[in-house]
Each structure stands twice: as C-alpha cells, then as structure tokens.
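Engineer: Below is a structure I'd like to ask you about.
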Amino acid sequence: MSDWTHRHVLDLAAFSLSDFATVLELAQRFRAMPTSGARKLPALQGRLVTTLFFEPSTRTRSSFELAARRLSADVVSFTPGSSSLSKGESLLDTVRTYVAMGAELLVVRHRATAVPQQLAEALDAAGESVAVLNGGDGLHSHPSQGLLDLFTLARHFAPDAPAPEALRGRRIVIVGDVLHSRVARSNLWALTACGAEVVLCGPPTLVPEAFADFVAAPPPGQARDPVTARGLVRIERDLDTALAGADAVMTLRLQQERMQQNLLTSLDGYHRRYGLTHGRLAACGRPVPVLHPGPVNRGVEMSGALLDDPAVSLVEEQVRNGIPIRMALLYLLQSSLNPSSKRP
C-alpha cells in the first residue's frame with residue numbers, strides 16, 4: 001500500500017485507478033475475515049475515530065463505527081442535538097474540541113457542500129495530524145458509498161478477484177434523481193475510472209443534459225484528472241432503451257419533496273415510467289443485478305418483489321460491503337498520519 005498518497009478522502013474525482021485497486025484489494029481481504037469468533041484486527045489500536053454526523057444516517061454511520069471497532073479503534077459519536085452547537089459554538093470549534101481530546105480520524109457528514117473539505121483545510125493549516133473522511137456532503141460527494149457500490153459490482157462480475165478491471169466495458173444504468181444525488185456523482189467518478197459506460201436515465205428535471213459532461217474535466221480546485229482514459233457517460237430518457245444491453249442497474253432514492261418542487265407530477269407516474277420490476281428488467285435481455293444505496297421507497301424506485309429477490313437484488317450485499325470498504329479507508333488513512341501521533 002506504499003503508493004497511497006491521500007491524507008484525506010473527500011471526493012472520488014481525486015482517485016487514480018491504482019487508488020481504486022488498492023481500496024478494493026484491501027476490502028476483499030477484510031471481507032474474507034470470519035464473521036464470528038475473534039473478528040478484531042489491531043491495525044487501529046490506540047487510534048480514536050470520531051463520527052461527526054450533522055445530518056441523519058443509519059447505514060453509513062453504523063458501518064463506519066463497526067469498521068473502526070473491527071480494526072480495534074476507540075470510537076466516539078457526535079450528536080448535534082446534545083452538543084454545544086446549540087449554545088452557539090462554531091462547527092470548526094466543535095471539531096477542534098474532539099481533536100484536542102485525541103481524535104485522529106474524523107468521519108464528517110453534513111447537508112452543506114464542501115464542509116468536510118473546509119474542515120480538512122482548516123485542520124491542515126493548524127498543523128493537526130488528523131485525517132478527514134467525507135461521509136456525505138450536500139449534493140457533492142459520498143466517497144465510501146461510491147466505493148462500496150463499485151466493490152459490490154466488482155464482486156458480482158469477478159467474485160474471486162474484484163478489481164477495477166471487472167468493470168471495464170460494462171454498461172451500468174443509473175436511474176432516478178441524479179440531480180440531487182451525491183451517490184450518483186461519486187459513482188460517476190468511480191465507474192468511469194474503471195472503464196465502465198454509465199447510462200443515466202430519468203426525466204430532464206432530475207437528469208439534466210449537463211450530466212453527460214460530468215466527468216469531462218476535473219472539478220474546480222483539482223489541477224488534473226488522475227485517470228487518463230475514462231468510460232463514457234450518456235443520457236437516455238426512455239428506460240426500456242436504457243436497459244437494453246445493460247450489465248447492472250442502480251436506482252436512486254426519490255424524495256417526496258421533488259413533487260412539491262414541481263420536478264415530478266406524481267410518484268405513481270414516476271414508477272410507471274422509471275420504476276424497476278421483474279418485467280421491466282426483461283428489457284436487459286438477460287438477468288442483471290439491481291442496486292440501490294437505500295433507503296428504498298418500495299413501489300416507487302422498484303417493486304417490493306424485486307427488492308426482496310436475492311437472485312436479482314444486491315441491496316443487502318451493498319450494506320454488507322459497506323463495512324470492509326470503510327475498514328479499508330480507515331486503515332489507509334491511519335497510515336497517512338504521523339506515526340508519533342498514535343496514542344500508546
């Protein structure tokens with residue numbers, strides 16, 4: 001893992017193909033650990049991991065905390081409602097309080113874009129030996145979800161050797177509210193880096209044409225794209241056309257407020273046009289896996305029968321894979337810290 005150069009993990013746009021390979025290789029090792037008996041590794045023993053979630057989360061927060069504990073880290077969870085934020089303390093001062101108490105790995109989730117990056121920059125400027133991992137920020141990025149989705153697909157296509165090469169030339173369809181999805185953005189960077197073709201499908205209000213050029217250039221503030229040859233991104237409005245020849249399909253959660261914002265006329269109408277069912281998947285021409293970052297609105301993004309079908313649905317597998325992926329990220333980030341900062 002000597003080629004790992006990231007002090008923080010904030011956006012998958014900064015990942016090279018080698019970075020993706022490193023994370024998947026480590027995750028596969030951690031995935032192979034026994035699920036009973038002595039399950040802890042001493043890799044993070046003496047380290048303090050703090051999860052600072054300024055918006056609700058079930059899967060991400062729980063799996064990060066489980067991942068940290070399986071690596072023998074100490075874990076502290078931040079709860080906004082019972083913190084000094086309610087007394088006027090700034091977000092940065094809250095974070096620095098945890099750093100002063102010994103936190104070295106910070107998992108930060110916030111409803112505003114760029115908060116994890118701003119915290120990372122402030123802590124770096126202060127000379128703190130701390131790693132920040134973005135647990136989801138605004139509509140911007142959700143790196144660990146993008147990586148666990150990639151890992152889930154790689155394991156499906158190449159169970160014995162889940163590597164980026166398993167996605168090369170694959171056609172992955174992403175259906176739903178791409179505009180408001182940080183998960184979709186992270187998947188676009190991850191999947192195209194591995195050579196997949198990504199087909200985005202949904203109404204223009206939720207999948208604007210501009211997304212066809214999403215990975216054409218690195219995001220603002222990033223000097224270059226570390227991936228020399230990315231897969232293509234294209235947009236298709238008709239779901240049956242999008243599904244033709246697909247190798248996998250990912251649906252995205254549709255929030256009720258999209259109707260209030262006049263982005264949709266009705267949820268029933270959306271399901272008729274873009275909802276997945278067993279019958280709809282026949283357009284793929286062969287059996288293909290279905291993914292969803294969760295939580296799922298049954299009968300909207302997909303039928304309950306499809307969600308519960310283990311022959312098709314990889315949704316529970318995604319949840320399982322969240323732990324080894326997050327173990328891999330925590331392991332790699334702790335290696336970037338100053339060794340002298342590790343607590344005895």
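Engineer: With every atom except the alpha carbons ignored, what do you get for Rg and Dmax of region 58-215, in angstroms?
Structural biologist: In order Rg, Dmax, the Cα atoms of region 58-215 give 18.1, 53 Å.
Engineer: What is the distance in Å between the Cα centres of region 1-26 and region 102-169?
Structural biologist: One Cα centre to the other: 9 Å.
Engineer: Normalised by the number of residues in region 118-253, what is the relative contact order in percent for Cα pairs under 8 Å and 6+ residues apart?
Structural biologist: 25 percent.
Engineer: If you don't mind, there's one more thing I want to ask. For region 234-308, report the convex hull volume of the alpha-carbon atoms normalised per residue, in Å³, without decimals.
Structural biologist: Working: hull volume 7.3 nm³, N = 75.
Convex hull of Cα atoms, per residue: 97 Å³.
Engineer: Further question: Hey, what D do you get for the chain in µm²/s if you plug the Kirkwood alpha-carbon radius into Stokes-Einstein at 20 °C and 1.002 mPa s? Each step should come with its number before you reach the end.
Structural biologist: Working: Rh = 20.6 Å.
Translational D for this selection: 104 µm²/s.
Engineer: With only alpha-carbon atoms counted, please give the Rg and Dmax of region 158-219, in Å.
Structural biologist: Just the Cα atoms of region 158-219 yield Rg and Dmax of 12.4, 40 Å.
Engineer: Additional query: At a temperature of 25 °C and a viscosity of 0.890 mPa s, determine how fast region 143-318 diffuses translationally according to Stokes-Einstein, using the Kirkwood radius over alpha-carbon pairs as Rh; express D in µm²/s, rounded to the nearest whole number. Each step should come with its number before you reach the end.
Structural biologist: On the way: Rh = 16.3 Å.
The diffusion coefficient I find is 151 µm²/s.
Engineer: So, one more: Highest first, please rank the peptides 180-188, 298-306, 202-210 by the mean number of other Cβ atoms sitting within 10 Å of their residues.
Structural biologist: By packing density, highest mean first, the sequence is 180-188, 298-306, 202-210.
Where a number appears in this text, it was derived from the coordinates with a stated rule and is not lab data. Computed from a predicted structure; not experimentally measured. In this analysis, Cβ positions are derived from the backbone assuming ideal geometry, glycine residues included, and neighbour counts consider all displayed protein chains.
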